[in-house]
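Beneath this line is the structure, given in structure tokens, with notes to follow.
The values are calculated or read from the model by the stated rules, or taken from the named source; none is laboratory data. All figures in this text were calculated on a predicted structure; none of them were measured in a lab. Quick reminder, even Gly has a Cβ in these numbers, built from the backbone with ideal geometry, and neighbours come from all protein chains shown. Surface areas here come from the heavy atoms of the whole protein model, side chains and all, with no ligands, DNA or RNA. Shrake-Rupley method; radii C 1.70, N 1.55, O 1.52, S 1.80 Å.
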Amino acid sequence: LQKSLNEIFGVDKYSRARKEVLTYMFSRPMQMALYFCTGVMEDETLFRHYALNVPFYTHFTSPIRRYADIIVHRLLLASLGASSPIKMEKEDIQRQAEHCNDRKMASKRVQELSGDLFFSIFVRVRA
């Protein structure tokens with residue numbers, strides 16, 4: 001795909017701009033990762049990571065960044081026997097995951113709208 005796109009972009013003075021815009025447009029509709037509690041999901045195919053082609057996948061970053069990552073760290077530690085089990089029911093973990101997803105989606109939407117606003121102001125000033 002990347003090779004095909006590079007051929008389409010061309011080599012004129014606008015090729016880099018076309019590449020950035022189209023790459024952004026192509027990646028924007030990709031499905032965002034969602035937090036969920038595996039204990040409430042019956043369909044294990046939902047655990048797979050499509051792009052990495054692995055059947056079971058979990059993702060987290062440093063637990064100082066997001067509450068969802070703290071929960072993932074705690075659950076992983078408990079599942080490995082490195083800490084005591086979390087005193088939360090799986091339905092409560094799922095509700096927390098849904099809340100984190102809602103906040104993440106809202107943040108992404110604000111980021112997109114901010115970019116759209118900047119672009120429209122940029123076009124207006126340049127026109």
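Report yes if some residue within the range 86-99 is outside any helix (DSSP H, G or I) and open to solvent by 80 Å² or more (accessible area, probe 1.4 Å); otherwise report no. Yes, there is a match, as at least one residue in the range 86-99 is outside any helix (DSSP H, G or I) and open to solvent by 80 Å² or more (accessible area, probe 1.4 Å). Of the residues making up the range 100-127, those that are closer than 22 Å to GLY39 by Cβ and open to solvent by 100 Å² or more (accessible area, probe 1.4 Å) number 1. So, in the range 57-83, exactly how many residues are open to solvent by 60 Å² or more (accessible area, probe 1.4 Å) and without any contact (Cβ under 8 Å) to a residue 12 or more places away in the chain? Going through the range 57-83 one residue at a time, the tally reaches 8. In summary, PHE60 fulfils each of the numbered conditions (1) farther than 24 Å from MET105 by Cβ; (2) touching an Asp or Glu at 6+ places or on another chain (Cβ under 9 Å) with the single exception of condition (1).
Among the residues of the range 1-49, those identified as small (Gly, Ala, Ser), assigned to a helix (DSSP H, G or I) and modelled with pLDDT of 75 or more are SER4, SER15, ALA17, GLY39. Residue pairs whose Cβ atoms lie under 6 Å apart, sitting 6 or more positions apart in sequence or on different chains, and linking a residue in the range 35-48 that is farther than 19 Å from TYR67 by Cβ to a partner that is part of a helix (DSSP H, G or I) and modelled with pLDDT under 90, do not occur here. When the range 52-85 is filtered for residues that are under 23 Å from ASP102 (Cα atoms) and either part of a loop (DSSP other than H, G, I, E, B) or polar (S, T, N, Q) (or both), the ones remaining, listed by number, are TYR57, THR58, HIS59, PHE60, THR61, SER62, PRO63, ILE64, ARG65, ARG66.
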